[in-house]
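The structure appears below as structure tokens.
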Amino acid sequence: MALRGTNQESGRPYNRRIVLESIRLHGPTTRGEIAERVHLTVQTVSTIVRELEDQGLILSVREEPRGRGIPPSMLTVNPEGGHALGIHLTPLGIEVALVNLRGDVVESRHRYTSNPMPDQAFALIREMVVELKSSPRCGRLLGAGLALPGPFDIESMSFVGPTTMTGWKNVDIGARLADATGLPAFMENDMAAAALGEQLYGLGQQLSDYYYLFFSVGLGGTMMTDGVVMSGAWGNAGEIGHIPAVPDGELCPCGNLGCLERYLSLDAFRRRGLSEANWVREITPIFCNAIRTIENLFDPETVVLGGLAPQSLIEQLATLADGLSNSVSARANRTHPRVVVASDCQHSALRGAAALAVFGVLSPRFGQMFETSEKGTVE
Ligand SMILES: [Zn+2]
């Protein structure tokens, strides 16, 4: 990922975000390293670092001198320098969390409500935001990010049936969210938000090419390529829930027979009414076929399994990978298992939603979280 500053005076706010992003990605780091990375002078970087320190967004620590000379101070993002509200809306309810700059969920609120309509949902969000704002642990709030099943305003087959939200078409979600929270507002579909949370705060620090299988009320997924979401022509790449899994199988609300999501999702688990262990045994062949399909299509370093499902269920599914038969991923020189559990399943979409807000406000990739590079002008 190339971050590049601009030497034009009008580019100062842009350079601030570039420098902060570089510290976040590479910290602890020094002024000199940042300057080299983002193509700015050390003097310009030092000025910006001072501003960021004054605002409490970064911390500077000088190591004990060893031998001659003073070691340069090391810069890191200050986890408590600000908070964002991460909000996750699902057909089962709404969760709102206070998330710090390191991606830790500091405090959260939850309301169970079945398939909330927009008026009800934003009233509940407003209520929970008021509670969190009055918490003694709530610092300076930078923005609010909402993750919800998507895609939005797209005539898509994944936007139908019991696994998705109804009554949310043609709603100005951004404006409603800004109004309910009083903060700059951002949104994203929940599986992309979860993958982003994982990329920024979790396994993304070790992995760059992986498939994030989002096991929620429905089943979705996102391929991360070089740390960036592979979105496809219309933003629906990796949507695995509606691939054919069982010939002439169950009728899916999308109109086809035997879609994967009819067998492998929280919705499917609940409809089947079995214990976790029995259900996992029953869907083992379908799960393993799905994993091999993903592997052969995308050749990922690993498949990360996360989402809204209970941790115990996710963990049982992940152990099935031990018995996976051949695919392009069945290599001897693997560094990660073929399937791993997401680093913080239960919070991944929330953390990703909060990250949308933090980086929407502070980062150079304003409003476009998944851009791979930034073009600046260097004189
Ligand atoms: Zn379908």
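Just so you know, all these numbers are worked out from the coordinates, no wet-lab data involved. In this text, all values refer to a predicted model and were calculated from it rather than measured experimentally. Backbone-built Cβ (ideal geometry, glycine too); neighbour counts: all protein chains shown.
DSSP beta bridges fully contained in the chain are about 60 percent antiparallel.
When 210, 112, 201 are arranged by Cβ crowding within 10 Å, least crowded first, meaning fewest neighbours, the order is 112, 201, 210. The long axis of helix 348-362 is offset from the longest Cα principal axis of the chain by roughly 30 degrees.
In the chain, the calculated helix contribution to ellipticity at 222 nm averages -10500 deg cm²/dmol per residue, counting -39,500 (n - 2.57) for every DSSP H run with n ≥ 4.
For the residues 145, 360, 307, a GNM of the chain with alpha-carbon springs under 10 Å puts the largest fluctuation on 360.
The GNM of the chain, with springs linking C-alpha atoms under 10 angstrom apart, assigns the highest mean-square fluctuation among 290, 342, 147 to 290. Each of 224, 230 was scored by other Cβ atoms within 10 Å of its Cβ. Listed from fewest to most, they are 230, 224. Put simply, the amide H of residue 225, placed in the peptide plane, has neighbours under 5 Å in 230, leaving out anything fewer than 5 places away on its chain. Using C-alpha pairs below 8 Å separated by at least 6 residues, the relative contact order for the chain is 19 percent. In terms of surrounding Cβ atoms within a 10 Å radius of their Cβ, 305, 324 rank from fewest to most as 324, 305. On a 0 to 90 degree scale, rounded to 10, what angle separates helix 12-26 from the longest Cα axis of the chain? That helix lies at roughly 60 degrees to the long axis. Normalised by the number of residues in the range 165-284, the mean separation of alpha-carbon contacts (under 8 Å, six or more apart) gives a relative contact order of 15 percent.
Computed over the chain with a Gaussian network model linking Cα atoms closer than 10 Å, the most mobile of 47, 225, 302 is 47.
Axis of helix 190-201 versus longest Cα principal axis of the chain: the two differ by about 40°, to the nearest ten degrees.
The range 269-301 and the range 181-254 have Cα centres lying 16 Å from one another.
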